[in-house]
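**Student:** I have a structure here, written as structure tokens, and I will follow up with some questions on it.
The values are calculated or read from the model by the stated rules, or taken from the named source; none is laboratory data. All values derive from a computational prediction rather than experimental measurement. Neighbour counts run over all protein chains shown; Cβ positions are idealised from the backbone, glycine included. Keep in mind that these areas ignore ligands, DNA and RNA; they rest on the heavy atoms of the full protein, side chains included. Shrake-Rupley method; radii C 1.70, N 1.55, O 1.52, S 1.80 Å.
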Amino acid sequence: MDRIVVAGGRRLLGTVDVSGSKNASLALMAAALLGEGETVLRNVPRLRDVDGMLQILSALGAHAGFDPHDPHTVRILADPVDTPEAPYELVRKMRASFMVLGPLVARFGHGKVSEPGGCAIGVRPVDQHLKGLEALGAKTELSRGYVECRADRLRGARVVFDVSTVNGTQNVMMAASLAEGESVLENAAREPEVVELAEFLVRMGARIEGAGTGRIVVEGVPRLRGIEHRVAGDRIEAGTLAAAAVATRGDVLVRGVDPRAMEATLAKLRETGAAIDAADDSFRVRAFEAPRAVDVVTAPYPGFATDMQSQLMAVLTLAQGSSVVTETVFENRFMHVPELLRLGAEIAVAGRSAHVRGVERLSGAPVMATDLRASAGLIVAALAAEGETCVSRVYHIDRGYERIEEKLRGLGASIRREA
Ligand code: EPZ
């Protein structure tokens with residue numbers, strides 16, 4: 001089982017290019033099921049989760065894989081889909097696979113996907129996905145851990161989400177694109193990945209307005225066609241690299257991402273005292289002294305991203321003063337706390353809030369990754385800690401970060417992967 005070893009205490013300096021967005025890529029790959037003809041996605045990151053989605057698409061009968069001549073291009077042909085069933089052993093490893101259900105029932109009239117089940121950070125139900133698909137006329141049946149949806153032709157409807165759900169909004173928006181008539185999605189998620197998916201669908205021939213607001217209007221069309229698309233840079237990877245620069249009092253130019261898609265993250269890091277200069281598809285982040293303590297509450301976009309919570313907490317463990325980190329999106333997203341304590345952090349969790357008292361320094365120690373973003377937070381802390389930190393179970397990191405140790409080494413970090 002791979003582990004990453006970091007000799008901390010070195011300032012990160014230089015330029016780093018972020019990979020394409022994991023979460024945008026997963027939704028766009030599901031959307032490819034809707035298109036007649038080939039879909040080509042460029043700037044797709046080489047991640048375990050992307051491989052998982054490719055396996056799901058192939059299991060459905062689609063031709064899906066990385067282009068042999070370009071390591072970051074994915075080609076998908078959904079026309080051959082003949083088995084609209086996504087099996088448990090694949091879905092449980094990559095819950096975003098549930099997003100194939102909407103496209104399957106919309107285009108092929110039938111989809112059967114394993115319930116994704118919970119994960120380390122929470123129960124993560126899919127009731128809102130099903131509420132939306134049923135509103136569009138899908139007949140759903142739950143049996144033996146699978147959700148089966150059927151519909152001769154979906155019909156446009158009004159869907160009011162009870163909670164802001166990113167993949168739920170994406171799943172229903174994809175299904176509505178081929179439904180007959182108009183659909184209105186109220187209380188829709190506003191994340192940049194929802195906007196990118198809507199723009200992608202429109203270029204496939206869909207008619208969608210309002211993506212990025214809480215109200216999305218979709219006028220169904222009879223068919224969609226495959227297109228080419230370059231995936232946007234990953235705003236969470238970019239935020240993670242920015243947090244690492246601040247934690248190590250570095251000076252880093254992060255390229256290949258739109259800073260406007262991560263304003264809450266950059267604003268919060270500025271509050272800690274970092275200097276951040278944004279350009280069109282890059283930003284420079286500099287820190288000169290220990291960060292100031294700040295309070296943060298995670299929230300759906302445009303609020304502070306829950307996916308950035310552990311990385312910011314790692315920064316705040318070294319702040320001058322005490323911070324309160326409140327997690328409102330998922331119910332169990334503080335599993336990085338016990339591991340940060342092993343590095344000498346002072347954190348007390350009370351319900352949905354973690355009280356972080358800044359310390360002068362962290363000291364390296366063996367720690368264990370528990371989930372994707374918790375492990376990212378541990379890497380940020382390890383880069384700032386004095387001495388050596390060994391992060392085990394790094395397969396969690398490989399789900400969402402492409403070659404993270406190479407990127408950090410390119411910024412001067414002393415970091416290596418050990419089998
Ligand atoms: C997406 O997950 C992201 N994953 C997550 O990133 C991210 O943390 C999350 O959005 C929030 O930003 C992908 O896009 C693949 P939600 P998603 O539905 O859509 C509740 C990462 O690290 N909910 O927005 O599954 C749910 O329990 C991953 O890259 C329902 O109650 O998240 C949660 O409390 C982790 N019923 C809240 O909504 C539903 O039907 C937000 O979840 C769906 C969700």
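**Student:** Among the residues of the range 36-45, is there at least one that is farther than 16 Å from F200 by Cα and either buried (at least 24 other Cβ atoms within 10 Å of the Cβ) or under 21 Å from the mean Cα position of the chain (by Cα) (or both)?
**Tutor:** yes
**Student:** Further, regarding this structure: Hey, among D51, D67, which residue is of a type in the set (D, E, K, R) and more than 28 Å from L411 (Cα to Cα)?
**Tutor:** D67
**Student:** Of all residues in the range 219-264, which are touching a Phe, Trp or Tyr at 6+ places or on another chain (Cβ under 7 Å) and outside any strand (DSSP E or B)?
**Tutor:** Hits for the range 219-264 are E237, R249, P259, A264.
**Student:** Shifting gears a bit: Name the single residue, out of those in the range 227-272 being within 16 Å of the ligand (Cβ to nearest atom) and open to solvent by 40 Å² or more (accessible area, probe 1.4 Å), that is farthest from E386 (Cα to Cα).
**Tutor:** Checking each candidate, the answer is A232.
Listed here are the residues, each with its yes/no results for (1) near the ligand (Cβ under 8 Å from one of its atoms); (2) over 23 Å from the mean Cα position of the chain (by Cα); (3) at pLDDT below 95.
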position	(1), (2), (3)
I121	yes, no, yes
R124	yes, no, yes
D127	yes, no, no
E134	no, yes, no
G145	no, yes, yes
T165	yes, no, no
G168	yes, no, no
A179	no, yes, no
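**Student:** Next up: Does the range 16-25 contain at least one residue that is modelled with pLDDT of 95 or more, at positive phi, assigned to a strand (DSSP E or B) and not aliphatic (A, V, I, L, M)?
**Tutor:** No, the range 16-25 contains no residue that is modelled with pLDDT of 95 or more, at positive phi, assigned to a strand (DSSP E or B) and not aliphatic (A, V, I, L, M).
**Student:** Let me ask something additional. Select from the range 73-86 the residues that are outside any loop (DSSP other than H, G, I, E, B), in contact (Cβ under 8 Å) with a residue 40 or more places away in the chain and crowded, with 23+ Cβ neighbours inside 10 Å and list them in ascending order.
**Tutor:** V74, I76
**Student:** Further question: Of all residues being in contact with a Gly (Cβ under 6 Å, 6 or more places away or on another chain) and of a type in the set (D, E) in the range 72-119, which is farthest from the ligand (Cβ to nearest atom)? Just the residue, please.
**Tutor:** Within the range 72-119, the match that is farthest from the ligand (Cβ to nearest atom) is D82.
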